[in-house]
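Asker: Got a structure here, written out as structure tokens. Questions coming.
The numbers here are math on the coordinates, done by the rules we state, and not lab data. The structure presented is a predicted model; accordingly, all values stated were derived computationally and were not measured. Cβ coordinates were reconstructed from backbone atoms using ideal geometry, including for glycine residues, and neighbour counts include every protein chain displayed.
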Amino acid sequence: MNERPAIAKAAALPDTKAILLGVACGLGAALCWALGFVATRHGLRVGFTPVDLLMHRFLWSGIVFLPLVVRAGLRDLCGIGWGRGMALMLLGGPVMSLISYAGFMFVPLGHGSVIQPSCATLGGLFLAVVLLKEAVSLSRAAGAVVIVVGLAVIGSESIGHMGPSAVIGDLIFVATGLMFAGFATLVRYWRVSAFSVASVISVLSLSLFPLYAASGGLARDASIGLPENALQAIAQGILAGPAAMYLFAVSIQRLGVARAAVFPATVPVLTLLLGWLLIGEPPTTLQAAGLAAVLAGFYLAQRQR
């Protein structure tokens, strides 16, 4: 009599474990990305340049992924193709990262960590309609409008209180967000593995290291000290790169794309919280208001109806 409930309970247990694992990995990925943003802001404060941070971002992950890429084959670039690989590298690789790092020289953490993912979402919705021919639901359209309102609130702080340089910083993050939207859309359009793309970009970026070393970058890093370099190597080269990518991939496998898409939307909140706790940079009232609007927009944009 009690066999069926017992069997049902046993069958449900693995699903529950899978969901919990997916949630844990999704939150872990969001935390890694947020720590990457905070480490960028801290690194610029202690004397690193955007180029130095770029080196930490791709050198270590490139070394890790090099054997995998060589084993998969360089002739067709792991099945991606050199033409597509270079296009994806331009949109989602060192160029985008360098511009993004530079943006934090003009605006505080509360701007870059919200504007970039917001514009990535808006650009992704637009390109999904134009390139992928996807239908946009009323909820997603409303979400896009609410996100724009949130961005306008944050942008008003730059225009009214921070000056022209802050406007430049905001526009930089608009550009990098749209670049990432183009990158993500092409990954979907060409149906290539996101993990393979990230691995290839990291390995191809190793070609920039000799130029970095020749320009005196290593001497500049040495002058800042080992602890700060180790911090950036961990935050940029491991957490914000391979670790976040792996955790998010596991989250997608366990929860599905739609559910896992919730976790990147938590990155702005985690970034502002960690920025406040770790580097003493609390969000302003306008930043908090803009973030609240953006989060509401994220929620609407991710709904299926």
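Asker: Would you grab the residues whose amide H sits under 5 Å from the one on residue 281? Only those 5+ places off in sequence or on another chain, please, with H modelled 1.01 Å from N.
Answerer: 276
Asker: Further question: What relative contact order, as a whole-number percentage, does the range 21-302 give when Cα pairs under 8 Å and 6 or more residues apart are counted?
Answerer: The value is 43 percent.
Asker: Let me ask something additional. Would you work out if the range 226-305 is rounded, prolate or oblate? Take a ≥ b ≥ c from the square roots of the eigenvalues of the alpha-carbon gyration tensor; rounded if a/c is under 1.5, else prolate when a/b is larger than b/c, oblate otherwise.
Answerer: Judged from the Cα gyration tensor, the range 226-305 comes out oblate (a/c at least 1.5, b/c at or above a/b).
Asker: Continuing with this model, one more query. Can you tell me the dipole magnitude for the chain around its Cα centre, using point charges on the Cβ only (Lys, Arg +1; Asp, Glu -1), in Debye to the nearest 20?
Answerer: The dipole of the chain has a size of about 880 debye.
Asker: When the Karplus curve 6.51 cos²θ - 1.76 cosθ + 1.60 is applied with θ = phi - 60°, which whole-Hz ³J(HN,Hα) does each residue of the range 239-246 get, with x for Gly and Pro?
Answerer: Result, rounded to whole Hz: 5, 6, x, x, 5, 4, 4, 5.
Asker: Grab the eigenvalues of the alpha-carbon gyration tensor for the range 45-196, scale each by 5, take roots, and send me the semi-axes largest first in whole angstrom.
Answerer: Those come to 30, 24, 10 Å.
Asker: Check which residues have an amide H placed less than 5 Å from residue 107's amide H, if you skip close sequence neighbours.
Answerer: Correct list: empty.
Asker: Let a ≥ b ≥ c be the square roots of the eigenvalues of the Cα gyration tensor of the range 149-305; is it rounded (a/c under 1.5), or, if not, prolate (a/b larger than b/c) or oblate?
Answerer: Cα axes put the range 149-305 in the oblate bin.
Asker: Then there is this: Taking the convex hull of the alpha carbon atoms in the range 33-98, what volume per residue do you get, in Å³?
Answerer: Residue-normalised Cα hull volume stands at 91 Å³.
Asker: How large is ³J(HN,Hα) for each residue in the range 131-138, as worked out from phi by the Karplus curve 6.51 cos²θ - 1.76 cosθ + 1.60 (θ = phi - 60°), to whole Hz, x for Gly and Pro?
Answerer: Using θ = phi - 60°, the values come out as 9, 8, 6, 8, 7, 9, 6, 4 Hz.
Asker: Additional query: Whole-Hz Karplus ³J(HN,Hα) for the range 204-213, in order, using 6.51 cos²θ - 1.76 cosθ + 1.60 and θ = phi - 60°, x for Gly and Pro?
Answerer: So the Karplus estimates, Gly and Pro as x, are 4, 5, 4, 5, 7, 5, x, 5, 5, 5 Hz.
Asker: What is the Cα coordinate range of the chain on the first, second and third principal axes, sorted by size from largest, in whole angstrom?
Answerer: Projected onto its principal axes, the Cα set of the chain covers 75, 52, 39 Å.
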